[in-house]
Amino acid sequence: MTTDFAATRAAFDLPEGIIYLDGNSLGPLPKAAAARVAQAVTEEWGKMLITGWNKAGWMDQPARIGDRIGRLIGAAPGTVVMGDTLSIKVYQALASALELNPGRKVILSDTGNFPSDLYMADGLVRTLGNGYALRTVAPEEVLDAIDESVAVTMITEVDYRTGRKHDMAAITAKAHAMGALTVWDLAHSAGAVPVDLAGVGADFAVGCTYKYLNSGPGGPAFIYVAPKHAETARPALSGWLGHEAPFAFDLAYRPGRGIERMRVGTPPVLQLAALEAALDVWDRVDMADLRARSLALTDRFIAGVEAACPDLTLATPRDHAMRGSQVSFRHAEGYAIMQALIAQGVIGDFRAPDILRFGFTPLYIGEAEVDRAVEILAAIMASGSWDRPEFKTRAKVT
Ligand SMILES: Cc1ncc(COP(=O)(O)O)c(C=O)c1O
């Protein structure tokens, strides 16, 4: 397949004059999503009322859409299901993985992980008590730190701040050799880089859909459970829709079949409608094409910024094998610089303490946008126009 990136670009509704380099945080609006949500509201919710659960297929949405995401992350049909937020899915995967490895008490993670993952692990460990512990090491030390005390590794493949990418195959292989299970967070991988969960033998994976998959603000997360664990993993969040027979209303919980057991409660039907439409774009995308173009765009941006902005320090690995689909630079005044950029229509974001973050999503970003963004950033840096009070007041969301 040769992906037509002009066609994917045409599928998005991007505001005129904006260069959007923040699809790694919130994807833009796919044109089809607006129409699909409107239809779900007026035709399904409006006309079908509660019969929509059966007639419009709302109850099957989480598994149906899970299968479509599975294609993008190397997961077989029937191994991915949608629902809840990513933080909840991290907790769920971790709890089930720990229970599958009795006798071991250590969750291994790294200091580059997204704080919510670490907070969820910490909360789980406190609930379990009994010697369970979260151990964090520097990202470069993860492989060496996997030993026979580790029950589960909980790693985010692509670092949200630096864009540094872990070697999923090597970490999974080492974890298995040491008798540990793996939980992978694909928040910055799904739709950003090729992922082969079945190929590497990952045990659990989770991810969100509002970033590279463009489901919109608050879009639901996904969870993957490897087929070998599907009938033995016990859900810690044992909600009624993960029950074998939700509408039997039994008082005793019995986990549903396979991945269905990872459902918890009522699915977010309207957000899933947006996601379902957003995924149509992906039917025309070959992940190898996407990866090649993402690396070309990030290389181009790195070269351009390094040539024009000597005060910015690259935080993203140069090595392709260690890079996701974003580029980050450090600067002590990164927040103000980013606000000055946004004021000129180049949207990226800032992550404390000093990271300017730029996402490159080939579905709607090309060389022209990269070059223009470099030009605008270079002018801001050369003139020092970021150094104004209005760019230094921190908003609630950075
Ligand atoms: C790597 C990672 N994990 C977890 C989360 C938390 O996701 P949510 O807010 O959907 O729970 C995020 C959010 O950006 C993230 O980037």
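The values are calculated or read from the model by the stated rules, or taken from the named source; none is laboratory data. What you are looking at is a predicted structure, and each value in this text was computed from that prediction instead of being measured. No Cβ is skipped: glycine too gets one built from the backbone with ideal geometry, and neighbour counts run over all protein chains shown. These accessible areas exclude ligands, DNA and RNA; they are computed on the full protein's heavy atoms, side chains included. Shrake-Rupley method; radii C 1.70, N 1.55, O 1.52, S 1.80 Å.
Highest mean packing first, where packing is the average number of other Cβ atoms within 10 Å per residue, the peptides 342-352, 262-272 line up as 262-272, 342-352.
Taking only complete DSSP H runs, can you tell me which helices of the chain stretch 27 Å or more along their own long axis by Cα positions and average at least 0.0 on the Kyte-Doolittle scale?
Numbers: long enough: 287-308 (31 Å, 0.44).
What comes out of the filter, once short or polar helices are dropped, is 287-308.
Overall, the ratio between the Cα radius of gyration of the chain and 2.2 N^0.38 Å, rounded to two decimals, is 1.00. Taking 29 Å as the cut-off for C-alpha to C-alpha distance, list the pairs among Lys89/Lys392; Lys31/Lys55; Lys165/Lys228; Lys165/Lys392; Lys105/Lys165 that go past it. Where the Cα-Cα span goes over 29 Å, the pairs concerned are Lys89/Lys392; Lys165/Lys392. Using the empirical formula 2.2 N^0.38 Å as the baseline, the Cα radius of gyration of segment 59-123 reaches a ratio of 1.30. The residues of segment 121-174 expose, per residue, 42 Å² of accessible area to a 1.4 Å probe. Projecting the alpha carbon convex hull of segment 246-398 along each direction and taking the average yields 13.6 nm².
Filter the chymotrypsin sites (Phe, Trp or Tyr not before Pro) in segment 207-292 to those in DSSP coil with at most 11 other Cβ atoms within 10 Å of their Cβ, and list the result.
Values: sites: Tyr210, Tyr212, Phe222, Tyr224, Trp240, Phe247, Phe249, Tyr253, Trp282; in loops: Tyr210, Tyr212, Phe249, Tyr253.
In loop regions of segment 207-292 (DSSP not H, G, I, E or B), the sparsely surrounded chymotrypsin sites (Phe, Trp or Tyr not before Pro) are Phe249.
The heavy atoms of Phe114 present about 90 square angstrom of accessible area, all protein chains included, probe 1.4 Å.
Ranked by the mean number of other Cβ atoms within 10 Å of their residues, highest first, the peptides 138-145, 189-196 come out as 189-196, 138-145. Of the trypsin sites (Lys or Arg not before Pro) in segment 277-344, the ones in a loop by DSSP (not H, G, I, E or B) with at most 13 other beta carbons within 10 Å are Arg318. Placing R0 at 22 angstrom, the Cβ-Cβ distance between Thr2 and Asp299 gives a FRET efficiency of 0.60 after rounding to 0.05.
Compute the accessible area per residue over segment 179-218, keeping the other protein chains in place, probe 1.4 Å, unit Å².
Numbers: 730 Å² over 40 residues.
In whole numbers, segment 179-218 has 18 Å² accessible per residue.
When DSSP beta bridges are restricted to pairs lying wholly in the chain, around 55% turn out antiparallel. Approximating the spin labels as points 7 Å out from Cα along Cα→Cβ, the Glu306-to-Ser385 distance works out to 2.7 nm. Our helix-only sum for the chain, with -39,500 (n - 2.57) per DSSP H run of n ≥ 4 divided by its residues, gives a mean residue ellipticity at 222 nm of -10500 deg cm²/dmol. Taken about its Cα centre, the chain carries a charge dipole of about 720 debye when Lys and Arg each add +1 at the Cβ and Asp and Glu each add -1 at the Cβ. Tell me the carbon and sulfur percent of the accessible area for the chain, rounded to whole percent, probe radius 1.4 Å. Roughly 57 percent, rounded to a whole number.
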